[in-house]
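Q: Quick one: this structure, given as structure tokens, is what I'll be asking you about.
The values are calculated or read from the model by the stated rules, or taken from the named source; none is laboratory data. As the structure is a computational prediction, the values presented were derived from the model and not from experiment. Note: ideal-geometry Cβ built from the backbone for every residue, glycine included; neighbour counts use all protein chains shown. SASA here: full protein model, heavy atoms, side chains in, ligands and nucleic acids out. Shrake-Rupley method; radii C 1.70, N 1.55, O 1.52, S 1.80 Å.
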Amino acid sequence: MEEIQIPEYFICPISLQIMKDPVTVLTGITYDRESIEQWFSTTHDMSCPVTKQALPRDNALTPNHTLRRLIQQWCKENATNGVGLIPTPKLTLNKIYVSGLVQDLGVSHLQANALKKLEALALENAERNRRSICEAGVAKAMVLFIVRCYKEGAQRNGVLEALRILHHVWSVADDHEVKLIINGSNDFLESLTWVLRCDPEMDNHAILMKSEAILVMKMAMEVITASQLERLNLEFFKNIVMVSKEKISQEALKSALHVLIEACPWGRNRMKMVESGAMFQLIELELARPERHITELIFNLLANLCGCADGRAQLLKHAGGIALVSKRILRVSPATDDRAVHILSLIAMFSATHEVLLEMLLVGAVSKLCMVMQADCTAHLKKKVRGILRLHSNVWNNSPCIAVYLVTRPR
């Protein structure tokens, strides 16, 4: 079969493929819309890729309808030679149209329809839609809508849709207006906590709403101030721990763990987490043998909580605490090994009663530490393990594994 010659001006200079939606920039060069929009978003270089001329930030992409029709006609004529047809592209989303939908949120009888349309646009996930949505201030409007529902004590009507929209369109790094609103008061965090407290019977709507709320909460934790982190109350942590108990979804669980990790270093948050039952819940979660990444998040938290006396006391109070920590060593990942050994080190240094030391021996923690000394682990980890073993050798010196370790340790 004779090779088909594609007209050169049908080819996008970026993708080197036939253009499906040709658009022209101010320099007069035509590109495929998807390729040039991806160029702008990924390279952050507002210049024409061909001429290298700078383009304004609000650079308009002008649809080249004549070229598109020529391409479509050429594809149709060559369809018998295996050339695929090019469909007419969807109309570009208009910022004025989106702004109108945002205004409709303030009118009670138009609210539901506006949320439905905004959600559909957000879920389309097209880059050009995202730009128009951001310029129209949709993320800010969703934050204010959720806060208003909370303050008015509404029945959470429309909150699920608003959370979904916010989750899909909010760019934490770029949307400074939303950041200012969240940093200005605790209203938004309190609104999300209000959603997490919804119907304990957990109908499907409530489950979806809680799932979206914890995903958005994880995003919010990346922008709130240190002062806000220090002021998080016990009720906040109880609600986050409850999400981990309810097993809504793997994604929701990971987000809940990330929220706790983000809050850990600030103020008295570790104490509040322990009081909220986080230690027991984390151990129970790990006993269910979750996926590796979740185990790493859990051990990150366990190590942080064991940094305070109450946290260590709660770990030791759980019948499977020490056994679980030691069992995961050398079985999950180097990150888990590091955190698990750190936990045993904290217990050995600050909570080592005679009963605790005997338990470490009986459940195999001491044996596992000896195995680390023989395994292909980092020098840093082995140094920490050696310190634990030497610290309590007077109690453990009759253990067979200690004897093996003393015989085989490097001279």
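Q: Could you go through region 282-291 and let me know if any residue there is touching a helix residue (DSSP H, G or I) at 6+ places or on another chain (Cβ under 6 Å), open to solvent by less than 10 Å² (accessible area, probe 1.4 Å) and either in contact (Cβ under 8 Å) with a residue 60 or more places away in the chain or of a type in the set (Gly, Ala, Ser) (or both).
A: no
Q: I'm trying to understand the selection: among the residues of region 137-172, which are of a type in the set (A, V, I, L, M, F, W, C) and free of Cβ contacts under 8 Å to residues at least 40 places away in the same chain?
A: Within region 137-172, 139, 141, 142, 144, 154 qualify.
Q: Is it the case that residue 70 is at pLDDT 90 or above, more than 18 Å from residue 134 (Cβ to Cβ) and open to solvent by 70 Å² or more (accessible area, probe 1.4 Å)? Reasoning before the result, please.
A: Details: at pLDDT 90 or above: yes; more than 18 Å from residue 134 (Cβ to Cβ): yes; open to solvent by 70 Å² or more (accessible area, probe 1.4 Å): yes.
Spelling it out, residue 70 is indeed at pLDDT 90 or above, more than 18 Å from residue 134 (Cβ to Cβ) and open to solvent by 70 Å² or more (accessible area, probe 1.4 Å).
Q: Filtering region 1-34 down to residues that are open to solvent by 20 Å² or more (accessible area, probe 1.4 Å) and assigned to a helix (DSSP H, G or I), which residue is nearest to residue 132 (Cα to Cα)?
A: In this case the residue turns out to be 34.
Q: Could you please find all residues in region 229-270 being under 17 Å from residue 287 (Cα atoms) and among the charged types (D, E, K, R)?
A: 245, 246, 247, 254
Q: Taking region 48-67 as the region of interest, how many residues are open to solvent by 60 Å² or more (accessible area, probe 1.4 Å), closer than 10 Å to residue 22 by Cβ and in contact with a Ser or Thr (Cβ under 9 Å, 6 or more places away or on another chain)?
A: Within region 48-67, residues that are open to solvent by 60 Å² or more (accessible area, probe 1.4 Å), closer than 10 Å to residue 22 by Cβ and in contact with a Ser or Thr (Cβ under 9 Å, 6 or more places away or on another chain) number 1.
Q: Another question, then. Those residues that are open to solvent by 20 Å² or more (accessible area, probe 1.4 Å) and within 26 Å of the chain's Cα centre (by Cα), I need them from region 292-316; list them, please. Write out each step before concluding.
A: To start, the set of residues in region 292-316 that are open to solvent by 20 Å² or more (accessible area, probe 1.4 Å) comprises 292-293, 296, 300, 304, 307, 309-310, 312-314, 316.
Passing the criteria: 292, 293, 296, 300, 304, 307.
Q: Hey, another quick one. Given the criteria surrounded by fewer than 19 Cβ atoms within 10 Å (Cβ to Cβ) and either of a type outside the set (Phe, Trp, Tyr) or closer than 17 Å to residue 386 by Cα (or both), does residue 319 qualify?
A: Values: surrounded by fewer than 19 Cβ atoms within 10 Å (Cβ to Cβ): yes; either of a type outside the set (Phe, Trp, Tyr) or closer than 17 Å to residue 386 by Cα (or both): yes.
Yes; evaluated as a whole, the condition is true for this residue.
Q: Listed residues 220, 213, 252; which is open to solvent by less than 30 Å² (accessible area, probe 1.4 Å) and free of Cβ contacts under 8 Å to residues at least 40 places away in the same chain? Let's see the steps before the verdict.
A: Working: 213 fails: free of Cβ contacts under 8 Å to residues at least 40 places away in the same chain; 252 fails: free of Cβ contacts under 8 Å to residues at least 40 places away in the same chain.
Selected residue: 220, the only one of 220, 213, 252 that is open to solvent by less than 30 Å² (accessible area, probe 1.4 Å) and free of Cβ contacts under 8 Å to residues at least 40 places away in the same chain.
Q: Take the conditions over 15 Å from residue 279 (Cα atoms), assigned to a helix (DSSP H, G or I) and either under 27 Å from the mean Cα position of the chain (by Cα) or of a type in the set (Gly, Ala, Ser) (or both) and apply them to residue 352. Does it pass? If you could, list the steps in order and put the result at the bottom.
A: Values: over 15 Å from residue 279 (Cα atoms): yes; assigned to a helix (DSSP H, G or I): no; either under 27 Å from the mean Cα position of the chain (by Cα) or of a type in the set (Gly, Ala, Ser) (or both): yes.
For residue 352, the condition - over 15 Å from residue 279 (Cα atoms), assigned to a helix (DSSP H, G or I) and either under 27 Å from the mean Cα position of the chain (by Cα) or of a type in the set (Gly, Ala, Ser) (or both) - is not met.
Q: Any residue at all in region 27-47 that is β-branched (Val, Ile, Thr) and at pLDDT below 85?
A: yes
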